[in-house]
Structures are given as C-alpha cells and as structure tokens.
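Have a look at the structure below before the remarks.
The values are calculated or read from the model by the stated rules, or taken from the named source; none is laboratory data. Just so you know, these numbers come straight off a predicted model, no measurement behind them. When we count neighbours, we look across all protein chains shown, and the Cβ atoms used for this are built from the backbone with ideal geometry, even at glycine.
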Amino acid sequence: MKTWILLATAGVLGVAAVQSNGAEPQDDLRALMKKKLESSQRVLEGLAANNFETVSKNASELQRISKAGEFAVLKTPQYDAYRNQFRWAAEMLEEMAKAKNGDGAGLVYVELTLTCLKCHKHVREAGLPGK
Ligand code: HEC
C-alpha cells in the first residue's frame with residue numbers, strides 16, 4: 001500500500017503540468033484546477049497520517065470541484081466519462097474515510113490519481129476549445 005501511495009504521489013507531481021499550448025486558462029478555471037491539486041495533496045497527507053477527517057473533508061471538496069460548471073470544459077463523451085470516474089472516486093474516498101477504512105481509502109486514492117492522468121492525457125490529445 002505504501003509503495004502504491006508513493007507511486008501515486010509521483011504520478012500527481014508528474015501530471016501537475018498539463019501543457020496548455022502557450023495560452024493561459026481562464027482565471028476561474030485556473031483557480032479551480034489549483035484547488036483540485038491542493039485537495040488531492042491534502043487527501044494524501046490525511047492518508048499518510050491516518051487522519052480520516054482530513055481525507056473525508058478534502059474528498060468532499062473534490063466532489064464539489066467535480067460538479068463545478070467550469071470543470072466541464074471539454075464536451076467529448078470520454079471527458080464526461082473521466083469526470084464521472086473522478087467524482088465517483090471522490091465519493092468512494094469520503095465513504096471509506098467515514099468508515100475509517102484506511103486500506104480501502106488508499107486504493108480509491110490510487111484510482112482517483114489514475115483518473116487525473118487519463119483525463120489529462122485525453123485533454124492533451126483532444127485539445128481544449130479555443131486553444
Ligand atoms: C475530467 C478531467 C480531469 C480530471 C479527472 C483531472 N483534471 Fe486536472 N485538468 C483538467 C483540465 C481540462 C485542465 C485545464 C488544462 C489546461 O488549461 O490546459 C486541468 C488542469 C490541471 C492543473 C493545472 C495545470 C496547469 O497547466 O496550470 C492541475 C495542477 C491539475 N489539473 C491537477 C489535477 C489532479 C491532481 C487531478 C486528480 C486528482 C486532476 N487534475 C484530475 C482536467 C482534469
């Protein structure tokens with residue numbers, strides 16, 4: 001489990017810089033994405049310290065982000081699917097944290113992290129509208 005969490009962290013750090021073809025994203029989109037990174041990092045912090053309240057609080061914040069209108073920037077079915085997977089993982093994470101299931105929460109965290117990588121890859125390939 002620890003190895004997976006370390007791998008997942010490396011993944012998050014590696015994916016943090018999504019290429020944006022030189023153009024700056026809109027400010028609110030940017031702020032939302034920054035919040036997304038921060039909350040996911042806080043989840044890891046909570047998991048590492050076995051602090052379920054931190055995990056649950058930030059998983060709930062990730063759900064809020066997943067539902068924000070700005071997050072629906074791409075209109076492809078695949079983007080929608082990744083957005084749903086992201087939201088599902090954030091919901092599961094909160095459930096696991098509330099049940100104080102650290103191993104389960106760790107696994108769901110890895111799934112959540114994979115959705116970051118998959119969606120960003122799709123965004124790079126499909127390109128954002130207006131860029
Ligand atoms: C459903 C798709 C999707 C998922 C899932 C997703 N992102 Fe993103 N992310 C985006 C889009 C779209 C952008 C905006 C890219 C751009 O402006 O070029 C973005 C931007 C970012 C940025 C800002 C990058 C920059 O160039 O400023 C960070 C950091 C980020 N995401 C982190 C994460 C992390 C961490 C996760 C997982 C916890 C995650 N994202 C999950 C779609 C997604």
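Being in contact with a helix residue (DSSP H, G or I) (Cβ under 8 Å, 6 or more places away or on another chain), within 13 Å of the ligand (Cβ to nearest atom) and among the acidic types (Asp, Glu) holds for only one residue in Glu53, Glu70, Glu125, Glu91, and it is Glu70. Among the residues of the stretch 25-42, just one is more than 8 Å from the ligand (Cβ to nearest atom) and at pLDDT below 80, namely Gln26.
Kindly indicate whether Glu94 is out of contact with any Ser or Thr (no Cβ under 6 Å at 6 or more places or on another chain), surrounded by 14 or more Cβ atoms within 10 Å (Cβ to Cβ) and acidic (Asp, Glu). Taking the combined requirement at face value, the residue does not satisfy it.
Sort out which residues of the stretch 49-70 are β-branched (Val, Ile, Thr) and under 13 Å from Ala89 (Cα atoms), and write them in order of number. Selection gives Val55, Ile65. Scan the stretch 84-101 and give yes if some residue there is closer than 22 Å to Gln26 by Cα, outside any helix (DSSP H, G or I) and of a type outside the set (S, T, N, Q), otherwise no. Within the stretch 84-101 (the criterion being closer than 22 Å to Gln26 by Cα, outside any helix (DSSP H, G or I) and of a type outside the set (S, T, N, Q)), the answer is no, since none of the residues qualifies. For the stretch 71-86, the condition of being free of Cβ contacts under 8 Å to residues at least 24 places away in the same chain, exposed (fewer than 14 other Cβ atoms within 10 Å of the Cβ) and over 15 Å from Cys119 (Cα atoms) holds for none of the residues. Mind listing just one residue for me: the one in the stretch 29-43 that is surrounded by fewer than 18 Cβ atoms within 10 Å (Cβ to Cβ) and hydrophobic (A, V, I, L, M, F, W, C) and, of those, farthest from Val55 (Cα to Cα)? Result: Leu29.
Of all residues in the stretch 59-74, none are modelled with pLDDT of 95 or more and part of a loop (DSSP other than H, G, I, E, B). Taken over the stretch 86-104, the criterion of being under 14 Å from the mean Cα position of the chain (by Cα) and either under 15 Å from Thr54 (Cα atoms) or not small (Gly, Ala, Ser) (or both) is satisfied by Phe86, Arg87, Trp88, Ala90, Glu91, Met92, Leu93, Glu94.
Tell me which residues, restricted to the stretch 102-118, are near the ligand (Cβ under 10 Å from one of its atoms) and either outside any helix (DSSP H, G or I) or over 14 Å from Trp88 (Cα atoms) (or both). Those that are near the ligand (Cβ under 10 Å from one of its atoms) and either outside any helix (DSSP H, G or I) or over 14 Å from Trp88 (Cα atoms) (or both): Leu117, Lys118.
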